[in-house]
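Written out below as structure tokens is the structure these notes cover.
Read the figures in this text as sums done on the coordinates, not as results from a lab. Not measured: the values here are computed from a predicted model. With ideal geometry, Cβ positions are generated from the backbone for all residues, glycine too; neighbour counts draw on all protein chains shown.
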Amino acid sequence: MSRPQLVDAVENTRARAYLRDGYVVVSELLGADEVEALQQDLVRLARGDYPTQALPVISEAISDAQVLSNLLCIHQPHLVSPLIHRSLSHPKIAAVLGEIVGAHLGRWWDGSVKCMQSMFFAKPAGKPGQAWHQDEGFIPTRDRSLCGAWIALDDASVQNGCLWVLPGSHRAGVLYPSRPHSNPEFDPTPEAYAFSATGEIPVEVPKGSVVFFNGYLLHRSNRNRAESSRRALVNHYMSAQSLLPWGTTTEPSTGLEDNRQVVQVVGTDPYTWRSTLPADPSQVFLRGESALPGF
């Protein structure tokens, strides 16, 4: 985690694209062996090979395909999986993050990056997508530095439920209101509204590619209508210079809270005088249905 050079967004092509569009794609950033290892780790997680209450041990009589067929997403798998924990700081991913996460802050950003969340999407055939939303609405960063790294572990296409984005929708720094919905195309996560989706585009990428996108970017995905899964590991990052008032209290936020269950990825932690919370396996949970309850 060496200290990166300061990023000048005006001179950095990738940072310019990220600032303009709110996302940038790096094709096939991970190698085939790395993709396969993550695919296998998803099976291990789903079968309960790692100790966590949310993912009990599944009988060997149940096939891997059956276990994965009812699994949409595992939240915070890096808290129990050493492989996924290491993937947070993958050198090629970290290099891109060190260019873009705080590019909007110009020379005030020292290039440091930390991670606070991972999500492993199994998304087998037939599983729903997620309605329009902005990740910053769920994970506040205060400095607008939230960045998702969406790692495709299968070729992502319109047919199997790839990402759709609204380019440039991050630039105003507006968080749109959200509401419940009853659209079966999407999971129950509330949908953002009160904006025009004109200009939305699909982000179809080959496996091993990484889509980096800003926390204010409006994005969604549709149901998987293919016959195979659309697996993806999504990690969320932010500038290490900013406090993280996320999941720290049930009271209204003062903006001064700081969640210390983070992983330093690039540069140095400016809050070393505060203790970093150890991994808590109880924070691993499933979105939607469980894998195979009762086994």
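Structure summary
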| quantity | calculated |
| --- | --- |
| Cut-off under 5 Å, modelled amide H: who pairs with Q117 long-range | H236 |
| Approximate spin-label separation R16-S282, in nm, with each point projected 7 Å along Cα-to-Cβ | 5.1 nm |
| Listed residue (F285, T52, F213) projecting farthest to the positive dipole end of the chain, Cβ model | F213 |
| Relative contact order [Cα under 8 Å, 6+ residues apart], the chain, whole percent | 31 percent |
| Mean projected area in nm² (Cα convex hull; one quarter of hull surface) for the chain | 15.3 nm² |
| Positive dipole terminus of the chain, leading residue within L83, L19, V266 (C-beta point charges) | L19 |
| Structure-based [θ]222 nm, the chain - -39500 (n - 2.57) summed over DSSP H runs of at least 4, per residue, nearest 500 | -4500 deg cm²/dmol |
| Förster radius 25 Å - calculated FRET efficiency between Q39 and S59, Cβ distance, rounded to 0.05 | 0.70 |
